[in-house]
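Structure first, then comments.
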Amino acid sequence: MSVPNEQDRLKQAAADWSAEQLRDGMIVGLGSGSTAAMAVDAIGRRVQQGLRIVGIPTSEQTAEQAHQLGIPLATLGEYQHIDIDIDGADEVELGTLNLIKGGGGNQLREKIVAKASKCFVVIVDQSKLVHRLGEKFKVPVEVAQFGWQATARALERLSGRPGLRRTNTGEPFITDGGNYILDCAFGPISSPADLAQELDSVVGVLEHGLFIGMAGKVAIGAADGIRVLRRKSSASSEA
């Protein structure tokens, strides 16, 4: 068994904190990616201890993980509103709590579930905090397979420097929805909200990884414990 590194330990602490926020009867969005997987594991342990919730998974991989843990699952067709959505992020912009998500390729479903949730909780380790989005990560843009080259050219005109995401075997990465992903290197983004609007206007773009004004809380695993940032008073935190 491998020994967790410090970053994994901090992510695990945030994941465990998020699972403790759940109460009986909640409808819970289950995010995707490595940090969200830790949260799903923690939620599964609580379910095995008697917690009664229903999960709405944001990916096929998350659905399979939750099923194996015995977490009851449903869809947005069965539940129109979600009490809390727990997910990770690739970058969190300090002050605004705007996000880049989609490193795992599930930004479309993640955004649908986050938008349907009363409270969107993001769990990260402190390395994900940035002063400007785009400092460390590219923006994933999910596009239709048909004519994706034309979509890529449109994104180039936005200075995105798009690259087609590929699997380890060199094949194009295909999302759960059957689409491609163009990872766009914009560099530090001066106005994520404006860029999000521009991306929304590109024909062929189905969704992108800029989550603007959506995170209600961000739980940060830090060396001195869990810090929680809230949107309405972004300067406040609690240990």
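The values are calculated or read from the model by the stated rules, or taken from the named source; none is laboratory data. Because the structure is a prediction, the values reported are computed rather than measured. So basically every Cβ, Gly included, is an ideal-geometry build from the backbone, and we count neighbours across all protein chains shown.
Numbers for the structure displayed
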| read-out | value |
| --- | --- |
| Every pair of residues 6+ apart whose Cβ atoms lie under 7 Å, when the first sits in the range 134-155 and is in contact (Cβ under 8 Å) with a residue 40 or more places away in the chain and over 16 Å from residue 208 (Cα atoms) while the second is surrounded by 16 or more Cβ atoms within 10 Å (Cβ to Cβ) and not charged (D, E, K, R) | 136/130; 147/204; 150/204 |
| Of all residues in the range 44-56 being in contact with a strand residue (DSSP E or B) (Cβ under 8 Å, 6 or more places away or on another chain) and free of Cβ contacts under 8 Å to residues at least 40 places away in the same chain, the one that is surrounded by the most Cβ atoms within 10 Å (Cβ to Cβ) | 55 |
| Residue check, residue 153 more than 16 Å from the chain's Cα centre (by Cα), in a loop (DSSP other than H, G, I, E, B) and closer than 20 Å to residue 189 by Cα | no |
| Residue match in the range 103-116 (condition: part of a strand (DSSP E or B), modelled with pLDDT of 95 or more and crowded, with 24+ Cβ neighbours inside 10 Å) | no |
| Matching option when the condition is outside any helix (DSSP H, G or I), farther than 13 Å from residue 114 by Cα and out of contact with any Pro (no Cβ under 9 Å at 6 or more places or on another chain), among 83, 24 | 24 |
